[in-house]
Amino acid sequence: MTGLILAIDQGTTSSRAILFDADTAVVAVAQQEFRQHFPRSGWVEHDPEDLWRSTVETCREAMKTAGVDAGGIAAIGITNQRETTVVWERETGRVIHNAIVWQDRRTAGFCQKLKADGHEDMVAARTGLLLDPYFSGTKIAWILNNVEGARGRAERGELLFGTVDTWLLWRLTGGRVHATDATNASRTLLYGIRSGEWDDELCALIGVPRAMLPEVRDSSGLFGETEADLFGGAIPVAGIAGDQQAATVGQACFRPGMMKSTYGTGCFALLNTGETPVPSKNRLLTTVAYQLNGRRTYALEGSIFVAGAAVQWLRDGLGIIGSAPESGALARQADPAQEVYLVPAFTGLGAPYWDADARGALFGLTRGTGPAELARAALESVCYQTRDLLEAMRGDWPEAASKETVLRVDGGMVASDWTMQCLADMLGAPVDRPEVLETTALGAAYLAGLHAGIYPEPDRFAEGWRLQHRFDPQMAEAERARKYAGWQDAVRRTLTA
């Protein structure tokens, strides 16, 4: 067996390794969960050594399952939880603090101060991002300001920063390569998405020494080779992309106007806008979708903080389901006469509202409201939030409004036919579920395999994308408008700003 691609998918709750063959078929999968750390309310951390260990162990397990050694793997592709921040010593590789996870809200006060001082428009114009604790830059500054001696050491060039892809690459290559790709760089608040370079003024504003930052490269290309003793031989690392951008690639959304949405813990929708970044008037993000041969392709992105997490709440918080797949069947039993809305602002509201202080709320409860109605409200909330994003994207980019939207979906929630039909009904647009649901890992594999000569150029790769099922809207327009108006009213009642 030769010519396999090993995809590392380092996520928020688990690390996975997936081997793909030359036809993009999955050959072997290994997955390992790791501990979450919540030192204070609103704080979320990971031990970077857990990320590293689970990555190496799952790679070895997948290789063992497939019966392949290092010589049978053409390249490694990495995709990762974005924005999560790691700082370590250049000489020893020792981390100086736990990784601060993308969900962490500890820098909200710093972000508010930067806004109050009038910096948000400049930051948005250069980075495509908003001043929010979500992104990496203020997390780096927090570590430097709160770990004794860290700021001075960083200014002397003794410390390195990386998002998780950079941390893994540095470890895989034995500390020889300190690099990232343009998609991950574009999530830091420190990177000019038009210039394609780290921005010195932004670094000074946020308080991050330039010497800490990794080299920014294409998403597909040779980043380095692994240490031979890790997997029994050196393997090229040839592709890197943040998880949502990797899913965009895996869904073959290479043409402007194509849109994908990934439903995991949160929901992340990306709309390809081509080689011109589209500024958002509706508090979406402008981000790098991928960079090939030095040319950046951009996207509008909307981030929903709670999607699958709402189903987890039904299971773990309320105890009304025993497993996530039960949610769709329970929702199907709901009384259609009840109009119950859940605004799942458990950790604030993301795009297009960006209200960090909002908290979850239920509206429309009656004595007849029971588990089925709550399940339906939780699943419908994901569909309503997706429509919020689509409406904002159409407002930002008129070209999107002039085209028929077809949404390509992936992630754990898309296995529910009920939820996907609800999504199509609420969008008033088709929803396409692909045959290969491992789109995030597939995107990382494609970027590595493209460089390795295993996979073809994007246009030909897109021809191989295969549809498993299309969900066409069935709801009458009047009912769609009425239900969505009820959602908008519920959100208005929840917002704090």
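Points worth noting:
- The range 450-485 - residue that is in contact with a helix residue (DSSP H, G or I) (Cβ under 9 Å, 6 or more places away or on another chain) and part of a helix (DSSP H, G or I) and, of those, surrounded by the most Cβ atoms within 10 Å (Cβ to Cβ): Leu450
- Of Ala392, Ala345, Ala415, all but one fail to be within 23 Å of the chain's Cα centre (by Cα) and under 12 Å from Ile304 (Cα atoms); the exception is Ala345.
- Selection within the range 94-109 - of a type in the set (Val, Ile, Thr) and within 15 Å of Gly42 (Cβ to Cβ): Ile100, Val101, Thr107
- Flag if Asp489 is farther than 29 Å from Thr12 by Cβ, in the same structural domain as Leu362 (by TED's automatic domain parsing), acidic (Asp, Glu) and out of contact with any His (no Cβ under 6 Å at 6 or more places or on another chain): yes
- Here is the figure for the range 232-244: residues that are over 23 Å from the mean Cα position of the chain (by Cα) and crowded, with 20+ Cβ neighbours inside 10 Å total 1.
- Long-range neighbours under 7 Å by Cβ, at least six apart or interchain, first residue within 10 Å of Leu374 (Cα to Cα) within the range 329-341, second acidic (Asp, Glu) and modelled with pLDDT of 90 or more: Ala334/Glu373; Val340/Glu373
- Under the condition of being farther than 27 Å from Leu450 by Cβ and of a type outside the set (Val, Ile, Thr), the residues counted in the range 58-101 number 9.
- When Asp23 is tested against the conditions (1) in contact with a Lys or Arg (Cβ under 7 Å, 6 or more places away or on another chain); (2) under 14 Å from Leu442 (Cβ atoms); (3) of a type outside the set (Ser, Thr, Tyr), the lone failure is (1).
- Selection from the range 263-317 of residues that are polar (S, T, N, Q) and in contact with a Phe, Trp or Tyr (Cβ under 6 Å, 6 or more places away or on another chain): Thr273, Thr297, Ser303
- Of the strands (runs of 3 or more DSSP E) lying entirely inside the range 225-282, those containing at least 2 residues that are under 26 Å from Lys64 (Cα atoms), touching a residue at least 12 places away in the same chain (Cβ under 8 Å) and small (Gly, Ala, Ser) span 236-242.
Table: residues versus (1) modelled with pLDDT of 90 or more; (2) in the same structural domain as Pro133 (by TED's automatic domain parsing); (3) of a type outside the set (A, V, I, L, M); (4) touching a helix residue (DSSP H, G or I) at 6+ places or on another chain (Cβ under 8 Å).
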residue	(1), (2), (3), (4)
Asp335	yes, no, yes, yes
Asp357	no, no, yes, no
Ala375	yes, no, no, yes
Glu399	no, no, yes, no
Lys403	no, no, yes, no
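- Selection status of Ala324, under 18 Å from the mean Cα position of the chain (by Cα) and either crowded, with 21+ Cβ neighbours inside 10 Å or at pLDDT below 90 (or both): no
Results for (1) among the β-branched types (Val, Ile, Thr); (2) in the same structural domain as Glu148 (by TED's automatic domain parsing); (3) surrounded by 17 or more Cβ atoms within 10 Å (Cβ to Cβ); (4) not in a loop (DSSP other than H, G, I, E, B), shown as yes or no for each residue.
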site: Ile18; (1), (2), (3), (4): yes, yes, yes, yes
site: Ala22; (1), (2), (3), (4): no, yes, no, no
site: Val27; (1), (2), (3), (4): yes, yes, yes, yes
site: Ser54; (1), (2), (3), (4): no, yes, yes, yes
site: Ala62; (1), (2), (3), (4): no, yes, yes, yes
site: Trp88; (1), (2), (3), (4): no, yes, yes, yes
site: Gly93; (1), (2), (3), (4): no, yes, no, no
site: His97; (1), (2), (3), (4): no, yes, yes, no
site: Trp102; (1), (2), (3), (4): no, yes, yes, no
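The values are calculated or read from the model by the stated rules, or taken from the named source; none is laboratory data. Since the model is a prediction, treat every value here as computed from it, not as a measurement. Cβ: placed from backbone, ideal geometry, glycine included. Neighbour counts: every protein chain shown.
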